[in-house]
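Undergrad: Pasting a structure here, questions to come.
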Amino acid sequence: MKVLFIGGTGIISSACSRLAVARGVELFHLRRGQTSRPVPSGIQVLTGDIRDPASARRALADVSAGGFDAVVDWVAFTPTHIETDLELFRDRTRQYVFISSASAYQTPPTNLPVTESTPLDNPFWEYSRAKIACEERLLRAYREDKFPFTIVRPSHTYDRTLLPCHGGYTVIDRMRRGKKVIVHGDGTSLWTLTHHEDFAKGLVGLLGHSRAIGEAVHITSDEWLTWDQIHHLLARAAGTHADIVHLPSDVIARHDPDWGAGLLGDKAHSMIFDNTKIKRLVPDYAAVIPFSRGVEEILAYYDADPARRTVNGPTDALMDKLVALGERAHTT
């Protein structure tokens, strides 16, 4: 297959790039320039800016003759971005894959597990509402022009560089210094963490798949963990323990709106997924990397280079303040 990734070196897309090449895909990356992540050999890099349609057209001029079997846009976030892609790839691809988000699902969900028929409705997070608007535009393009879309909704997908908690390495540093860490709510809400290599098997399996046209599908792990469990696994991999203070998500949001948006619009609510659809479309799909193993990769990555172990001073100070709030609440 001849496939174009718009982007291709991010946390999720990097694993998909490696697997696609390994499976014999003729893969092109369209991106603006250098990346901190190594590009696997066998990928043809086209230098162009998807936010500048003229630049993108110039970059694609020599390779788009005959079109692509699939185009995957990893960096489309608004309906305006979708309009650009419709103009660029209408009649030039047999499949257009939009990377949406599982945060677009009804929040909080009325029923669990979440399936692809769960309504799309997130009143808390603008990011998610924009993804919903993108999906709606693609549905209209399919109905009006038979534009061959496939929508993929990742949930919380990580690689060795991504710590799953707000504050990143600052949280690990607090654990290692014996300081308390914040977990939203009572720590029992369920969450799904998916290793990017597992996700890649689902995504690459959808490329060129005729039965995926006009469909939306999420690709997630079948492992469910509470946020307390996630923090205890982080602590164990860091060689220490987690001293947890629980605090309501709306209280956190009042002190840090950005952190709060990600909680109220996503992480504060139990989100577990029924993966029947991706397994039906891609029969060999299976998420086999548990977070207990993935977290070992994460801590090994951070411990391998002191430069990666960056502590955010303002975030650390905010966490001290929130810990004090939580402790006072538990004593009154």
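Undergrad: Starting from 0 in steps of 10 Å, tell me what percent of the Cα-Cα pairs of the stretch 37-110 lands in each bin.
TA: In whole percents, the pair-distance histogram is 16, 45, 26, 10, 3.
Undergrad: Another question, then. Based on a Kirkwood Rh over C-alpha pairs, give the Stokes-Einstein translational diffusion coefficient of the stretch 78-177 at 20 °C and viscosity 1.002 mPa s in µm²/s. Please list the in-between numbers first.
TA: Working: Rh = 15.7 Å.
Estimated diffusion coefficient is 136 µm²/s.
Undergrad: Which whole number of Å³ per residue matches the convex hull of the alpha-carbon atoms in the chain?
TA: Working: hull volume 45.3 nm³, N = 332.
Hull volume over Cα atoms, normalised by residue count, gives 136 Å³.
Undergrad: Report, as a whole number in µm² per second, the diffusion coefficient that Stokes-Einstein gives for the stretch 224-292 at 20 °C and 1.002 mPa s using the Kirkwood radius over alpha carbon pairs.
TA: Values: Rh = 14.8 Å.
Estimated via Stokes-Einstein, D reaches 145 µm²/s.
Undergrad: Also, quick follow-up: Compute the distance from the alpha-carbon center of the stretch 1-75 to that of the stretch 258-328, in whole Å.
TA: That distance is 27 Å.
Undergrad: Excluding same-chain residues fewer than 8 positions from LYS179, which lysines have a Cα within less than 25 Å of its Cα?
TA: Result set, ordered by chain and number: LYS267, LYS321.
Undergrad: Around TRP191, with a cut-off of 15 angstrom between Cβ atoms, what is the net charge of the other residues, counting Lys and Arg +1 and Asp and Glu -1?
TA: Details: positive: LYS267; negative: ASP186, ASP222, GLU223, ASP228, ASP266.
So the environment of TRP191 carries a net charge of -4.
Undergrad: Based on a Kirkwood Rh over C-alpha pairs, give the Stokes-Einstein translational diffusion coefficient of the stretch 105-230 at 20 °C and viscosity 1.002 mPa s in µm²/s.
TA: Estimated diffusion coefficient is 126 µm²/s.
Undergrad: Here's another thing I want to ask about it. Residues with amide H under 5 Å of ALA216's amide H, sequence separation 5 or more or different chain, H placed in the peptide plane at 1.01 Å from N; which?
TA: Hits under the 5 Å cutoff: ILE151.
Undergrad: Report the far tail of the P(r) of the stretch 1-144, meaning the percent of Cα-Cα pairs longer than 20 Å.
TA: Values: 5281 of 10296 pairs.
Within the stretch 1-144, distances greater than 20 Å cover 51 percent of Cα pairs.
Undergrad: Compare the peptides 265-274, 76-85 by average per-residue count of other Cβ atoms within 10 angstrom and give them in order, highest first. Present the calculation step by step, with values, prior to reporting the outcome.
TA: Numbers: 265-274: 21.2, 76-85: 18.6.
Result, highest mean Cβ count within 10 Å first: 265-274, 76-85.
Undergrad: By how many degrees, between 0 and 90 and to the nearest 10, does the Cα long axis of helix 227-237 differ from the longest principal axis of the chain?
TA: 90 degrees
Undergrad: Full extension from THR78 to ASP91: what is 0.36 nm times the residue separation minus their Cα-Cα distance, to one decimal in nm?
TA: On the way: separation 13, 0.36 × 13 = 4.68 nm, distance 2.16 nm.
Once the chain is fully extended between THR78 and ASP91, it gains 2.5 nm.
Undergrad: Work out how much length VAL288 to THR188 would gain on full extension: take 0.36 nm times their residue separation and subtract the Cα-Cα distance, in nm to one decimal.
TA: On the way: separation 100, 0.36 × 100 = 36.00 nm, distance 2.35 nm.
Separation in residues times 0.36 nm, less the Cα-Cα distance, equals 33.7 nm.
Undergrad: Something else now. What are the ³J(HN,Hα) values, in whole Hz, obtained from phi via the Karplus relation 6.51 cos²θ - 1.76 cosθ + 1.60 with θ = phi - 60°, for each residue of the stretch 55-72 in sequence order, with x given for Gly and Pro?
TA: Values, residue by residue: 4, 5, 4, 4, 5, 8, 3, 8, 10, 8, 4, x, x, 10, 5, 7, 10, 10 Hz.
Undergrad: If you average 1/r over every pair of different alpha-carbon atoms in the stretch 274-332 and take one over that average, what Kirkwood value in Å do you get? Walk me through the numbers on the way to the answer.
TA: On the way: mean 1/r = 0.0630 Å⁻¹.
Result for the stretch 274-332, one decimal place: 15.9 Å.
Undergrad: Right, here's the next one. If a paramagnetic tag sat 7 Å from the Cα of GLU126 along the Cα-Cβ line, which residues of the stretch 236-272 would have the backbone N under 12 Å from that point?
TA: Hits in the stretch 236-272 for GLU126 at 12 Å: 258.
Undergrad: Go through the stretch 77-82 residue by residue and turn each phi into a ³J(HN,Hα) via Karplus (6.51, -1.76, 1.60, θ = phi - 60°); whole Hz please, and just put x for glycine and proline.
TA: 3J(HN,Hα) across the stretch 77-82, in whole Hz: 10, 9, x, 4, 5, 5.
Undergrad: So what does log10 I(q)/I(0) come out to for the stretch 158-253 at q = 0.14, 0.18, 0.19, 0.24 Å⁻¹, using the Debye formula with one equal point on every Cα and no solvent?
TA: For the stretch 158-253 at q = 0.14, 0.18, 0.19, 0.24 Å⁻¹, log10 I(q)/I(0) is -0.63, -0.88, -0.94, -1.27.
Undergrad: Okay, next question. When N is the residue count of the stretch 150-199, what does its C-alpha Rg come to as a fraction of 2.2 N^0.38 Å? Numbers along the way, then the final one.
TA: Details: Rg = 13.7 Å, N = 50, 2.2 N^0.38 = 9.7 Å.
Cα Rg divided by the expected 2.2 N^0.38 Å: 1.41.
Undergrad: Quick one: 3J(HN,Hα) in Hz for the stretch 282-293, Karplus 6.51/-1.76/1.60 with θ = phi - 60°, rounded, Gly and Pro as x.
TA: 10, x, 8, 6, 7, 8, 10, 9, x, 5, 4, 8
Undergrad: Which of ALA133, ALA304, ALA59 ends up with the largest GNM mean-square fluctuation for the chain, with Cα atoms connected below 10 Å?
TA: Most flexible of the set in this elastic network: ALA304.
Undergrad: Take the Cα of ARG280, step 7 Å along the line toward its Cβ, and report every residue of the stretch 187-231 whose backbone nitrogen sits under 17 Å from that point.
TA: 206, 209-220
Undergrad: Report, by chain and number, residues whose modeled amide H sits under 5 Å from the one on VAL114, excluding near sequence neighbours (fewer than 5 apart, same chain).
TA: Counting only residues 5 or more places away or on other chains, the set is ILE272, PHE273, ASP274.
Undergrad: Do me a favour and compute the ellipsoid semi-axes for the stretch 182-332 from its Cα gyration tensor, root of five times each eigenvalue, largest one first, whole Å. If you can, show how the numbers build up before the last one.
TA: On the way: eigenvalues 226, 76, 40 Å².
With the √(5λ) rule applied to the stretch 182-332, the semi-axes are 34, 20, 14 Å.
Undergrad: Where both partners of a DSSP beta bridge lie in the chain, what percent of those bridges are antiparallel, to the nearest 5? Spell out each step's value before the answer.
TA: Details: 3 of 37 bridges.
In the chain, approximately 10 percent of DSSP beta bridges are antiparallel ones.
Undergrad: Using a Förster distance of 41 angstrom, determine the FRET efficiency expected from the C-beta separation of LEU112 and ASP62, and round it to 0.05. Present the calculation step by step, with values, prior to reporting the outcome.
TA: Details: r = 49 Å, r/R0 = 1.19.
That gives a FRET efficiency of 0.25.
Taken together, the values in this text are just the output of simple stated rules run on the coordinates, not laboratory data. Quick caveat: nothing in here was measured; it's all calculated off a predicted structure. Neighbour counts are summed over all protein chains in view; Cβ atoms, including those assigned to glycine, are modelled from backbone coordinates with ideal geometry.
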